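To keep things clear, I will list the structure first and then write my remarks on it.
The values are calculated or read from the model by the stated rules, or taken from the named source; none is laboratory data. All of these numbers come straight from a predicted model, not from anything done at the bench. Every residue, glycine as well, gets a Cβ built from its backbone with ideal geometry; the counts of neighbours run over all protein chains shown. Heavy atoms of the whole protein, side chains included, go into the accessibility calculation; ligands, DNA and RNA do not. Shrake-Rupley method; radii C 1.70, N 1.55, O 1.52, S 1.80 Å.
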Amino acid sequence: MRGQFSSRLGFILVSAGCAIGLGNVWRFPYITGKYGGAMFVLFYLVFLAILGLPIMVCEFAVGRGSHMSVAGSFDALEPKGTKWHWYKYGAIAGNMLLMMFYTTISGWMLYYVYKMIAGGFDGLNAEGVGNVFGALLSDPLTMALYMMAVVLICFGICYLGFQKGVERITKVMMICLLVLLVVLAVNSVLLPGAEKGLAYYLLPNWQHFIANGPQEVIFAAMGQAFFTLSLGIGALAIFGSYIGKEKRLTGEAIWVIILDTFVALMSGLIIFPACFSYGVDPGSGPNLLFVSLPNVFNHMPAGRIWGALFFIFMVFASFSTVIAVFENLTTCFSELLGVDRKKVIRWLIPTVIILSLPCVFGFNIWSGIHPLGGESMILDLEDFFVSNNLLPLGSLVYLVFCTSRYGWGWNNFITEANTGKGILFPKWIRFYMTWLLPLIVLYIFATGYYGMFFK
């Protein structure tokens, strides 16, 4: 029997959990500060509305209209004789590729929870904290064990079933995540000297805006708004397939985007005031989470407690995405092969573990492999395939499928999107979605390649 959400709150929280991930906490605060604070946030919010919202409604509509995952949704809705269903292989590959590196990074979060609770950072200076992270990356066994723990825990939740496992546990995780977020943000804002961090984060910084160039700032905001929601690989469409017809899809998508944005904005309120309060460089990439912040917690009263709470929050953020994508993979293979979901999960557990090992080994045993040149790792190659290729191209497929007469078509899409009560999806947006939005997505795709290979 096919799963179904027991409540609207469950749908919103689980869908938001899929969208909310490490990029909200890891990347968003850093690029906000880098690109001009409030100026960047303003552009980001605009692009969420004009880019993220329409594509998300498309995914939800295809999922609900077909009552299937991406493995069968295009087959069910496409006109006879067309080949839209071929994209299911790209979407499934995108979900699998995402998990091939996301499980490793989630394992780092789990490891840091243990280190914080055990006092593994007590008394260390910034160099000592950096050495802890370096030691983790150079230890393939520890990394592999924590990656396996992530896979077993998250697939174990899926194994319990959709309502009893995925929905019930993700709801609890998301509520705990939001509570922890507020508690950590309040603590950071009240630290001595926190106002410098707040000013850096929230006030318009024209020098940063001009120094980076308006075009680069706008593209960064566009890219973050696009990629933060994990659109284009059916990771959200699966949850559209689990909901009834009581509510129009625009309002549901808006709620998901609001929660995703709330977590991103509040994460900056945790990170910047704390870093500026203790004179620690916010940094970027892995250094922000795994070097700078543990160094901050070392200086903070009751820092071990605050540090443990922060990384528990990070575990919830990463696990909510992993569980959502694992649920999508489970349903996809169950529909493709006509096999019970529990049997699928028993096969997927060793498969995902084996496929995740190259990412683990890329930091140690295979560290001499630089697939994209320079100092790039295997993780960078996997992320490149997902973020620079499958997400934008997949979003383009959903857009064209929902607006073209050669696909599902505008009339079918708008009827599905506006079935139920709530906010109407505007019909006047048809021209924009049919002609302009695909060009914007192609621009993001092309610029991502330019930035990767020609800058």
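Descriptive notes on the structure:
- In the range 394-416, the count of residues that are at pLDDT below 95, over 24 Å from Phe133 (Cα atoms), of a type in the set (Gly, Ala, Ser) and part of a helix (DSSP H, G or I) is zero.
- Sole residue being open to solvent by less than 10 Å² (accessible area, probe 1.4 Å), hydrophobic (A, V, I, L, M, F, W, C) and within 19 Å of Ala19 (Cα to Cα), chosen from Leu236, Leu289: Leu236
- Gln207 at negative phi and surrounded by fewer than 21 Cβ atoms within 10 Å (Cβ to Cβ): yes
- For the range 292-303, the candidate set comprises residues that are crowded, with 19+ Cβ neighbours inside 10 Å and among the hydrophobic types (A, V, I, L, M, F, W, C); within that set, the residue that is modelled with the highest pLDDT is Phe297.
- Within the range 436-445, one or more residues are of a type in the set (Ser, Thr, Tyr), closer than 18 Å to Met222 by Cα and surrounded by 13 or more Cβ atoms within 10 Å (Cβ to Cβ).
- Lone unmet requirement of (1) open to solvent by 50 Å² or more (accessible area, probe 1.4 Å); (2) touching a residue at least 40 places away in the same chain (Cβ under 8 Å); (3) outside any helix (DSSP H, G or I) for Phe363: (1)
- Residue satisfying condition, being free of Cβ contacts under 8 Å to residues at least 24 places away in the same chain, of a type in the set (S, T, N, Q) and in a helix (DSSP H, G or I), within set Ser356, Ser334: Ser334
- Among all positions in the range 304-311, there is at least one residue which is open to solvent by less than 10 Å² (accessible area, probe 1.4 Å) and either under 17 Å from Phe101 (Cα atoms) or within 17 Å of the chain's Cα centre (by Cα) (or both).
- Considering the range 402-429, and only residues there that are more than 18 Å from Gly63 (Cα to Cα) and free of Cβ contacts under 8 Å to residues at least 12 places away in the same chain, the residue that is surrounded by the most Cβ atoms within 10 Å (Cβ to Cβ) turns out to be Pro426.
- Of the residues making up the range 208-227, one or more are touching a residue at least 40 places away in the same chain (Cβ under 8 Å) and more than 30 Å from Gly394 (Cβ to Cβ).
- Listed by first and then second residue, the pairs linking a residue in the range 127-154 that is open to solvent by less than 30 Å² (accessible area, probe 1.4 Å) to a residue that is among the hydroxyl-bearing types (Ser, Thr, Tyr), with Cβ atoms under 6 Å apart and 6 or more places separating them unless they lie on different chains, are Met147/Thr103; Met147/Thr104; Met147/Ser356; Val150/Thr103; Val150/Ser106; Val151/Thr103.
- Residue list for the range 301-336, restricted to those being over 20 Å from Val263 (Cβ atoms) and in contact with a Phe, Trp or Tyr (Cβ under 6 Å, 6 or more places away or on another chain): Gly303, Phe326
- Of the residues making up the range 362-396, those that are of a type outside the set (Gly, Ala, Ser) and under 28 Å from Ala61 (Cα atoms) are Asp383, Phe384, Phe385, Val386, Asn388, Asn389, Leu390, Leu391, Pro392, Leu393, Leu396.
- Residue match in the range 372-389 (condition: open to solvent by 50 Å² or more (accessible area, probe 1.4 Å), free of Cβ contacts under 8 Å to residues at least 12 places away in the same chain and not in a helix (DSSP H, G or I)): yes
- Just one residue in the set Gly134, Gly119, Gly128 is at positive phi and out of contact with any Leu (no Cβ under 9 Å at 6 or more places or on another chain); that residue is Gly119.
- Of all residues in the range 6-33, those that are more than 27 Å from Leu203 (Cβ to Cβ) have Cβ atoms under 8 Å from Cβ atoms of residues that are surrounded by fewer than 22 Cβ atoms within 10 Å (Cβ to Cβ) and of a type in the set (Phe, Trp, Tyr), 6 or more apart or on another chain, in Phe11/Phe5; Ile12/Trp255; Val14/Phe5; Ala16/Trp255.
- Test: residue in the range 322-330 that is in contact (Cβ under 8 Å) with a residue 24 or more places away in the chain, open to solvent by 10 Å² or more (accessible area, probe 1.4 Å) and part of a helix (DSSP H, G or I): no
- The condition of being assigned to a helix (DSSP H, G or I), within 30 Å of His67 (Cβ to Cβ), within 16 Å of the chain's Cα centre (by Cα) and not polar (S, T, N, Q) holds for Leu259.
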